[in-house]
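Student: Sharing a structure, written as structure tokens. Questions coming.
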Amino acid sequence: MTTLNVAAKDLAAGEEVAFVPRRYQALRYFMRSRAAMFGGAIVAVLVICAIFAPWLAPHDPTVQNLNMATLPPFWLHGAQPGYWLGTDELGRDILARIIWGARLSSIVAFSVVVIGSIIGVSLGLVAGYVGGILDDVIMRIADIQLAFPYVLLAIAVIGVIGASLYTIIAVIGITSWVQYVRIVRAEVISLREREFVQAARAVGDSVTRIIFRHVLPNVMSSVTVIATFELARAIIFEAALSFLGLGVPPSIPSWGNMLAEGRQYLDTSWWMGTFPGLAIMITVMGVNILGDGLRDAFDPGLRSQ
Amino acid sequence: MVAYLVRRLFGAALVLAGVTVAVFLILHLSGDPALIMLPPEASQQDVINFRHEYGFDRPVLVQFGDFAWHAIRGDFGTSIRHGDPAMGLALERLPATAELAFSALLLAMIVAIPAGIVAATRRETPIDYIVRGVSLVGQAAPVYWIGIMFILIFGVALGWLPISGMGGIKHLLLPMITLGAFTTAKLMRITRSGMLDVMRSDYVRTALAKGLSSLSVTVHHALRNAILPIVTVIGLELGTLLSGAVITETIFSWPGIGRLAVQAIYDRDYPVVEAVVVLTAAIFVGLNLLVDLTYAVFDPRITYK
């Protein structure tokens, strides 16, 4: 009797696993992965800093106070209480500027992901599903885009139309669609031949309906993974432009601007350039770990060792 | 093989033509190139004279025809600042960039491929953890921040290495490691996961079972099969290196084409910007073609048709 019970329980447990829908399996796998949760936590901190910057920042990030200029971080001699990471050459609090910088980085990065994914996914769907000459044209444009040294492209465009938050988002956005196109197109080409898509075609579904009901939902997991990595790239790219003096105006606290200013004072105030760089690195690391975790959760075949 | 080569060369020419058109369009994005190239304090008469001198008062299509006709022969006009042919200036600076980029790539290959192999064969050991940690950090640290930190540590604090200019191996070290860090990290990761995949395959198990030494199996059986994705990544990383060179050269005052381009944008010297962008794209396309052709060397199953 006991044996039978055990067997039944095993069977029940086995069935439970077998009938969990795939997306819950992915979620469960993701929640169990400590690394992925760690990455997610870092991204959550970024977003919280971005949203609540005015309340979290210990000081106003733009207020200059020359009496408090170039204070070192709290563990060094000469530090002032309340200025945990020290101040810059104009007496602005570094920690406050890093927290506000998270807001700028988030605005740029999330906008870039929205622009890049909308353009990239649409073109990828068209190229993969419609094929033919449209496919050729889209893929040639993608090749051209890939051949462009993207930092040079961005600084050339910004040099011509001028730097502002919007031009920076637009420029980074248009350099980010290629990754989506290539992956989405490849997946759509294989999905197009699958039974459920052919069945939908056989019962007379319209092309739009097939694309939105059957194809798009099946590429969304890949798109999410690319979007994560593009988020990291946008954060690095935005700071690079600011670093080269082609980013947002210096009055706006941004990690790249802080790095560019810090570079001038390396021999006297090392903390000015070190902390914003650390902020970028930790954020990007978190986003990358999150992306790896998502990829592993969505696609068990690709699970990295 | 010949047919394949002809097709690829035609594709490359198409891509370069696209890049050239895009470069022309970027300069005309603002409507009036004369206003971009002249300093803001230029008088109305200056603008009119400049437009006439550079032919910007002709219809756009005529300008484009003229531009394309010269561009085909590598003529992008004369530098506004230096008065020399723009392409000549770019070619003059090319060897410096080539030295930097290739030494960075070489460094990445010498460090990353053995490190990735060792990490894969000694999985879950301290060596593996170190390789994975370095790869995670290296892929997240932005190139400009690594450069700043190197200057801070080895230039300012320790005073071991020169931090700007070109000349001798000592000058090359910091820019080379700065530029190569990301590629090293990425290549480590690809090598490691590629090797892990291959090591699990039946032929590796067979080779080990018949008593071959593990070194021989690793090199002759596993690495030979893991090399293709590594070569692909190297090809794609060339773009990253060329873009990264723009920033690295700016930080270390390295006299290459990246620094030339950034300076040209500050100076509004657009002929030089155009020449550098097209030249860099041509190098990227050419090198990737070479990489594709080497596939057949590494994998005899691949033939080009």
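Student: Of the residues B:V262, B:V291, B:V233, which is buried (at least 23 other Cβ atoms within 10 Å of the Cβ), in a helix (DSSP H, G or I) and touching a helix residue (DSSP H, G or I) at 6+ places or on another chain (Cβ under 7 Å)?
Tutor: On the way: B:V291 fails: buried (at least 23 other Cβ atoms within 10 Å of the Cβ); B:V233 fails: buried (at least 23 other Cβ atoms within 10 Å of the Cβ).
Unique residue meeting the criteria: B:V262.
Student: Among the numbered criteria (1) more than 14 Å from every other protein chain (Cβ to nearest Cβ); (2) outside any helix (DSSP H, G or I), which one does B:I163 miss?
Tutor: (1)
Student: Still on this structure, please answer the following. Test of understanding: among B:G116, B:G155, which residue is within 14 Å of chain A (Cβ to nearest Cβ), buried (at least 18 other Cβ atoms within 10 Å of the Cβ) and under 17 Å from B:I251 (Cα atoms)?
Tutor: Details: B:G116 fails: under 17 Å from B:I251 (Cα atoms).
Going through B:G116, B:G155 in turn, the sole match is B:G155.
Student: Next question. For the range A:217-235, name all the residues that are among the aliphatic types (A, V, I, L, M) and under 15 Å from A:F298 (Cα atoms).
Tutor: A:V219, A:M220, A:V223, A:V225, A:I226, A:A227 - these are the residues of the range A:217-235 that are among the aliphatic types (A, V, I, L, M) and under 15 Å from A:F298 (Cα atoms).
Student: For the list (1) crowded, with 16+ Cβ neighbours inside 10 Å; (2) within 25 Å of A:V284 (Cβ to Cβ); (3) within 14 Å of chain B (Cβ to nearest Cβ), I need the number of the one condition that A:I141 fails.
Tutor: Among (1) crowded, with 16+ Cβ neighbours inside 10 Å; (2) within 25 Å of A:V284 (Cβ to Cβ); (3) within 14 Å of chain B (Cβ to nearest Cβ), the lone unmet condition for A:I141 is (2).
Student: Go through A:L191, A:L153 for me and flag whichever is more than 14 Å from chain B (Cβ to nearest Cβ) and either more than 18 Å from the chain's Cα centre (by Cα) or more than 30 Å from B:A101 (Cβ to Cβ) (or both).
Tutor: When all the criteria are applied, what remains is A:L191.
Student: Then there is this: Considering only the range B:166-194, state which residues are in contact with a Pro (Cβ under 9 Å, 6 or more places away or on another chain) and within 14 Å of chain A (Cβ to nearest Cβ).
Tutor: B:L174, B:F182, B:I190, B:T191, B:S193, B:G194 - these are the residues of the range B:166-194 that are in contact with a Pro (Cβ under 9 Å, 6 or more places away or on another chain) and within 14 Å of chain A (Cβ to nearest Cβ).
Student: Could you identify the single residue in A:L90, A:L95 that is modelled with pLDDT of 85 or more, of a type in the set (A, V, I, L, M) and under 27 Å from the mean Cα position of the chain (by Cα)? Quick ask: steps written out before the conclusion?
Tutor: Values: A:L90 fails: under 27 Å from the mean Cα position of the chain (by Cα).
None of the others qualify; the one that does is A:L95.
Student: Would the range B:173-189 turn up any residue that is assigned to a helix (DSSP H, G or I), surrounded by fewer than 18 Cβ atoms within 10 Å (Cβ to Cβ) and modelled with pLDDT under 90?
Tutor: Our first condition is that a residue be assigned to a helix (DSSP H, G or I); within the range B:173-189, this holds for B:173-189.
Keeping just the survivors that are surrounded by fewer than 18 Cβ atoms within 10 Å (Cβ to Cβ) gives B:173.
Filter once more, so that each one left must be modelled with pLDDT under 90: none.
No, there is no match, as no residue in the range B:173-189 is assigned to a helix (DSSP H, G or I), surrounded by fewer than 18 Cβ atoms within 10 Å (Cβ to Cβ) and modelled with pLDDT under 90.
One line per residue, one yes/no per condition, for (1) more than 10 Å from chain A (Cβ to nearest Cβ); (2) of a type in the set (A, V, I, L, M, F, W, C); (3) touching a Cys at 6+ places or on another chain (Cβ under 6 Å):
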| position | (1), (2), (3) |
| --- | --- |
| B:F10 | yes, yes, no |
| B:G18 | no, no, no |
| B:F24 | yes, yes, no |
| B:H28 | no, no, no |
| B:L38 | yes, yes, no |
| B:A42 | yes, yes, no |
| B:D46 | yes, no, no |
| B:Y54 | yes, no, no |
| B:V60 | yes, yes, no |
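Student: Answer with yes or no whether A:A127 is buried (at least 19 other Cβ atoms within 10 Å of the Cβ), in contact (Cβ under 8 Å) with a residue 40 or more places away in the chain, away from chain B (no Cβ under 11 Å) and over 13 Å from A:R182 (Cα atoms). Spell out how you get there, then give the answer.
Tutor: Values: buried (at least 19 other Cβ atoms within 10 Å of the Cβ): yes; in contact (Cβ under 8 Å) with a residue 40 or more places away in the chain: yes; away from chain B (no Cβ under 11 Å): yes; over 13 Å from A:R182 (Cα atoms): no.
The answer is no for A:A127.
Student: While we're looking at this one, here's another question. Testing B:L91 on (1) within 14 Å of chain A (Cβ to nearest Cβ); (2) of a type outside the set (S, T, N, Q); (3) more than 30 Å from B:L223 (Cα to Cα); (4) part of a helix (DSSP H, G or I), one condition comes back false. Which one is that?
Tutor: (1)
Student: Have a look at A:L90, A:L146, A:L152 and point out the one that is of a type in the set (A, V, I, L, M), more than 24 Å from B:T240 (Cα to Cα) and without any contact (Cβ under 8 Å) to a residue 40 or more places away in the chain. First the steps, then the outcome.
Tutor: Working: A:L146 fails: more than 24 Å from B:T240 (Cα to Cα); A:L152 fails: more than 24 Å from B:T240 (Cα to Cα).
Among A:L90, A:L146, A:L152, only A:L90 is of a type in the set (A, V, I, L, M), more than 24 Å from B:T240 (Cα to Cα) and without any contact (Cβ under 8 Å) to a residue 40 or more places away in the chain.
Student: Which condition from (1) under 30 Å from B:V198 (Cβ atoms); (2) within 13 Å of chain B (Cβ to nearest Cβ); (3) of a type in the set (G, A, S) is the one that A:A239 breaks?
Tutor: Only one criterion in (1) under 30 Å from B:V198 (Cβ atoms); (2) within 13 Å of chain B (Cβ to nearest Cβ); (3) of a type in the set (G, A, S) is unmet by A:A239, namely (1).
Student: Determine whether A:A96 is touching a Cys at 6+ places or on another chain (Cβ under 6 Å) and either within 30 Å of B:L16 (Cα to Cα) or buried (at least 17 other Cβ atoms within 10 Å of the Cβ) (or both). Break it down into steps so the answer makes sense when it comes.
Tutor: Working: touching a Cys at 6+ places or on another chain (Cβ under 6 Å): no; either within 30 Å of B:L16 (Cα to Cα) or buried (at least 17 other Cβ atoms within 10 Å of the Cβ) (or both): yes.
In short, no.
Student: Another question, if that's okay. Could you give every pair whose Cβ atoms fall below 6 Å, whose first residue belongs to the range A:263-289 and is farther than 20 Å from A:S106 by Cα and more than 8 Å from chain B (Cβ to nearest Cβ), and whose second residue is part of a helix (DSSP H, G or I) and of a type outside the set (D, E), counting only separations of at least 6 or pairs across chains?
Tutor: Matching pairs, first to second residue: A:Y265/A:M272; A:M272/A:G262.
Student: Do you know which residues across the range A:46-82 are over 24 Å from the mean Cα position of the chain (by Cα) and loosely packed, with under 13 Cβ neighbours inside 10 Å? Please lay out each step first, then the result.
Tutor: In the first step, residues of the range A:46-82 are kept if they are over 24 Å from the mean Cα position of the chain (by Cα); the result is A:55, A:58-82.
If the condition is that a residue be over 24 Å from the mean Cα position of the chain (by Cα) and loosely packed, with under 13 Cβ neighbours inside 10 Å, then A:W55, A:V63, A:L66, A:N67, A:W75, A:L76, A:H77, A:G78, A:P81, A:G82 are the ones that fit.
Student: Looking at the range B:246-256 only, could you name the residues that are more than 9 Å from chain A (Cβ to nearest Cβ) and either part of a helix (DSSP H, G or I) or among the aliphatic types (A, V, I, L, M) (or both)? So that I can check it myself, show each step before the final result.
Tutor: Our first condition is that a residue be more than 9 Å from chain A (Cβ to nearest Cβ); within the range B:246-256, this holds for B:248-249, B:252-256.
Matches in the range B:246-256: B:T248, B:E249, B:F252.
Student: Pairs needed: first member in the range B:271-292, more than 9 Å from chain A (Cβ to nearest Cβ); second member anywhere, assigned to a helix (DSSP H, G or I) and of a type in the set (D, E, K, R); C-beta distance under 7 Å; at least 6 residues apart or different chains.
Tutor: B:L289/B:R8
The values are calculated or read from the model by the stated rules, or taken from the named source; none is laboratory data. Keep in mind that what you see is a predicted model, and the values were worked out from it rather than measured. No Cβ is skipped: glycine too gets one built from the backbone with ideal geometry, and neighbour counts run over all protein chains shown.
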